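None of the figures in this text is laboratory data; all of them are computed from the coordinates on show. Worth saying up front: this structure is predicted, and the values here are computed from it rather than measured. Every residue, glycine as well, gets a Cβ built from its backbone with ideal geometry; the counts of neighbours run over all protein chains shown.
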Amino acid sequence: MRTMNVKDLMSIAGKGGLFRYLAQARNGVVVESLADGKRTVAPPSARVSALEDISIFAENDDVPLADVMMMIYEKEDGGPAIDPGSGNEQLKEYFAEVMPAYDKDRVYVSDIKKLISWYNQLQHLELLEVVDKKEHIEEGAEEEKESGTETRDETSEKK
């Protein structure tokens with residue numbers, strides 16, 4: 001199965017567009033705007049969300065944002081998605097085609113607009129990177145191991 005690589009991409013509440021994580025600073029995180037390339041420091045009080053931590057509500061399990069972006073990518077053959085400024089009903093119909101099992105009570109039109117605008121921004125900047133999901137998971141585990149932040153399975157330590 002394939003997914004999108006959204007590692008190091010973030011959203012900051014109150015600031016439009018997406019940002020790339022660059023470094024940890026004493027007074028927050030250093031990010032670069034994907035729209036204009038300007039660097040800024042997001043203070044600790046800012047609501048920063050890593051795209052890899054965002055999921056979309058579904059009828060059964062929540063679906064990672066990267067997987068939903070992959071669904072859009074496959075539907076559009078790598079091209080741009082619908083205009084996020086389209087009418088509410090059009091956006092709902094489009095998203096139902098992309099992800100039929102999304103939770104219609106908990107996923108709002110504003111969420112769909114934001115997701116589509118993020119997808120279109122990444123597509124326009126040619127930053128949509130398709131990766132094998134298994135390799136992507138293994139890469140993340142390897143990075144955790146190298147940084148010393150890996151989590152241990154407590155059951156394997158019990159004898």
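Which condition number does residue 111 fail, the rest of (1) more than 24 Å from residue 12 (Cα to Cα); (2) touching a residue at least 40 places away in the same chain (Cβ under 8 Å) being met?
(1)
Working carefully through the options 114, 75, find the one that is of a type outside the set (A, V, I, L, M), touching a strand residue (DSSP E or B) at 6+ places or on another chain (Cβ under 9 Å), surrounded by 13 or more Cβ atoms within 10 Å (Cβ to Cβ) and closer than 23 Å to residue 7 by Cα. First the steps, then the outcome.
Values: 75 fails: touching a strand residue (DSSP E or B) at 6+ places or on another chain (Cβ under 9 Å).
That would be 114, the only listed residue that is of a type outside the set (A, V, I, L, M), touching a strand residue (DSSP E or B) at 6+ places or on another chain (Cβ under 9 Å), surrounded by 13 or more Cβ atoms within 10 Å (Cβ to Cβ) and closer than 23 Å to residue 7 by Cα.
How many residues are part of a strand (DSSP E or B) and under 17 Å from the mean Cα position of the chain (by Cα) when one looks only at the stretch 1-24? It would help to see each step written out before you state the result.
Step one: of the stretch 1-24, the residues part of a strand (DSSP E or B) are 2-4, 9-12, 19-24.
Applying the additional criterion that residues be under 17 Å from the mean Cα position of the chain (by Cα) yields 2-4, 9-12, 19-22.
Summing the residues that are part of a strand (DSSP E or B) and under 17 Å from the mean Cα position of the chain (by Cα) in the stretch 1-24 gives 11.
Which ones in the stretch 42-61 are loosely packed, with under 14 Cβ neighbours inside 10 Å and more than 10 Å from the chain's Cα centre (by Cα)?
Residues satisfying the conditions are 43, 44, 45, 47, 59, 60, 61.
Specify which of the listed residues (26, 47, 20) is in contact with a Leu (Cβ under 7 Å, 6 or more places away or on another chain) and basic (Lys, Arg). First the steps, then the outcome.
Values: 26 fails: in contact with a Leu (Cβ under 7 Å, 6 or more places away or on another chain); 47 fails: in contact with a Leu (Cβ under 7 Å, 6 or more places away or on another chain).
Answer to the selection: 20.
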